[in-house]
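Rule-based calculations on the coordinates, nothing more; no lab input. These figures come from a predicted structure and were not determined experimentally. Every residue, glycine as well, gets a Cβ built from its backbone with ideal geometry; the counts of neighbours run over all protein chains shown.
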Amino acid sequence: MKQLIATASLIALSTLASGIAYADQSKSFEGAAKDAWLTGRIESMYLLNEHLNPFEISTSVESGTVYLAGTVDSDIDKDLAAALAKNIDGVMKVENALMVDASADAAAESGDHTRRDFGTWVDDATTTAAVKSRLVGNSNTKGLQIDVDTNHDVVTLSGRVKTEEEKALAEEIALLAKDVEEVHNNLVVDPS
């Protein structure tokens, strides 16, 4: 999981850096090369956007026309994907065939946070790593024996600890991590 995040981050950063350094580069490309360059810019923008899941959006460009297909969670995400693509220099037109996943839209409205977009997944993985590092780094907790899971900034601790004090300390350490809204402490005290 960490390798996937690292790889995606490196790709996004290198593409962003090259996009910034060569913002006028699209004017020197023609035909298929320009279309490929535009596709890369659009997909990088989706990767960096916290509201869109780039793995659910298929992007292709032909003669400056962007074709979007796949699924998004809401009408807002559909419009956002089209607007981001349209604002890229060199894009002439956007054909938006994205489908809205009605179940995801209804889940978002009802407050159901079981489904995560890519940005949320990355944020949760970062939070999990931060909490786990703090637990391992604290000499009063057995961080390697505590499982940490994060879903929409809610951290769940599970595993076994020796004392009630260690259980309480682990919860406090998790609560102090950045972006943690709530901690579900499922640690079991087992003095053996």
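Before moving on, here are some points about what is shown:
- Between residue 162 and 190, the built amide H atoms are under 5 Å apart, and every one of these is 5 or more places off in sequence or on another chain.
- Counting Lys and Arg as +1 and Asp and Glu as -1 over every other residue whose Cβ lies under 12 Å from the Cβ of residue 35, the net charge comes to 0.
- Over all orientations, segment 118-189 has a Cα convex hull whose mean projected area works out to 4.0 square nanometres.
- Label separation (residue 175 vs residue 92): 6.0 nm, computed from points 7 Å beyond Cα along the C-beta direction.
- Full-stretch length increase - residue 184, residue 133 - with 0.36 nm per residue and alpha-carbon distance subtracted: 16.6 nm
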